[in-house]
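Asks: This is the structure I want to talk about, given as structure tokens.
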Amino acid sequence: FFDGRAFAQERSGFTILADLGVGIQNDTSIEETEVGLAGLNVGVGGFLTSELALMFRLVSTGVSYEIGGLDYRQVSGVGGAALQYWVAERVNVEAGGGFGFWNGADQDERGFGLILGTGVTLWNRGKHNIQFGVQYAPAFTDPGTVHNVGFTVGYQFF
């Protein structure tokens with residue numbers, strides 16, 4: 001991935017990203033943690049400077065809990081505004097907030113949520129990037145917080 005040649009990304013204008021991977025969800029109201037799917041996470045926005053982008057982001061996890069002998073599927077995440085800042089040519093950090101949510105078979109809860117993450121560019125050609133990322137997106141809802149962690153691989157165009 002790192003071939004030693006000069007590396008310079010030209011970040012400007014419109015950006016879009018999508019990633020997918022392994023998700024870990026911890027639901028404090030049922031005191032359970034499960035592993036499942038992270039994503040499909042998306043982001044759409046634009047670069048304000050060559051290092052800073054403002055995006056609408058949706059970050060989520062989907063898992064299946066076994067509760068009382070029954071299979072209970074739950075999707076949880078956060079959607080809202082996020083800033084992506086490139087701290088180095090191949091490394092970015094992200095922070096934002098918006099609406100937190102979780103929904104299962106017969107329940108749907110909303111609240112506040114945060115988006116925190118980082119990404120490392122594994123491959124770049126022009127405006128095309130393949131990245132490894134880690135996101136943390138807690139959804140603060142009633143009856144409890146759902147902690148969403150994703151380990152993803154994705155694509156970003158800018």
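Asks: For Val63, only one of the following conditions fails: (1) in contact (Cβ under 8 Å) with a residue 24 or more places away in the chain; (2) not in a strand (DSSP E or B). What is its number?
Replies: The single condition Val63 does not satisfy is (2).
Asks: Further question: Mind telling me which of the residues Thr49, Thr61 ends up being open to solvent by 60 Å² or more (accessible area, probe 1.4 Å) and of a type in the set (S, T, N, Q)? Please lay out each step first, then the result.
Replies: Values: Thr61 fails: open to solvent by 60 Å² or more (accessible area, probe 1.4 Å).
That would be Thr49, the only listed residue that is open to solvent by 60 Å² or more (accessible area, probe 1.4 Å) and of a type in the set (S, T, N, Q).
Residue-wise test of (1) at pLDDT below 95; (2) of a type outside the set (Ser, Thr, Tyr); (3) open to solvent by less than 50 Å² (accessible area, probe 1.4 Å).
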| site | (1), (2), (3) |
| --- | --- |
| Asp71 | yes, yes, no |
| Gly77 | no, yes, yes |
| Ala81 | no, yes, no |
| Tyr85 | no, no, no |
| Gly96 | no, yes, yes |
| Gly100 | no, yes, yes |
| Gly104 | yes, yes, yes |
| Leu116 | no, yes, no |
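Asks: Further question on the same structure: Kindly indicate whether any position in region 123-131 is part of a loop (DSSP other than H, G, I, E, B), open to solvent by 20 Å² or more (accessible area, probe 1.4 Å) and at positive phi.
Replies: yes
Asks: Answer yes or no: is there a residue in region 1-17 that is touching a strand residue (DSSP E or B) at 6+ places or on another chain (Cβ under 7 Å), of a type in the set (Val, Ile, Thr) and open to solvent by 30 Å² or more (accessible area, probe 1.4 Å).
Replies: There is at least one residue in region 1-17 that is touching a strand residue (DSSP E or B) at 6+ places or on another chain (Cβ under 7 Å), of a type in the set (Val, Ile, Thr) and open to solvent by 30 Å² or more (accessible area, probe 1.4 Å).
Asks: Another question, then. Looking at region 143-151, is at least one residue without any contact (Cβ under 8 Å) to a residue 40 or more places away in the chain and either exposed (fewer than 15 other Cβ atoms within 10 Å of the Cβ) or hydrophobic (A, V, I, L, M, F, W, C) (or both)?
Replies: Checked region 143-151: no residue is without any contact (Cβ under 8 Å) to a residue 40 or more places away in the chain and either exposed (fewer than 15 other Cβ atoms within 10 Å of the Cβ) or hydrophobic (A, V, I, L, M, F, W, C) (or both).
The values are calculated or read from the model by the stated rules, or taken from the named source; none is laboratory data. Keep in mind it's a predicted model, so treat the numbers as computed, not measured. Using ideal geometry, Cβ is built from the backbone for each residue, glycine included, and neighbour counts are taken over all protein chains shown. To get the accessible areas, we keep the full protein, side chains included, count just its heavy atoms, and leave off ligands, DNA and RNA. Shrake-Rupley method; radii C 1.70, N 1.55, O 1.52, S 1.80 Å.
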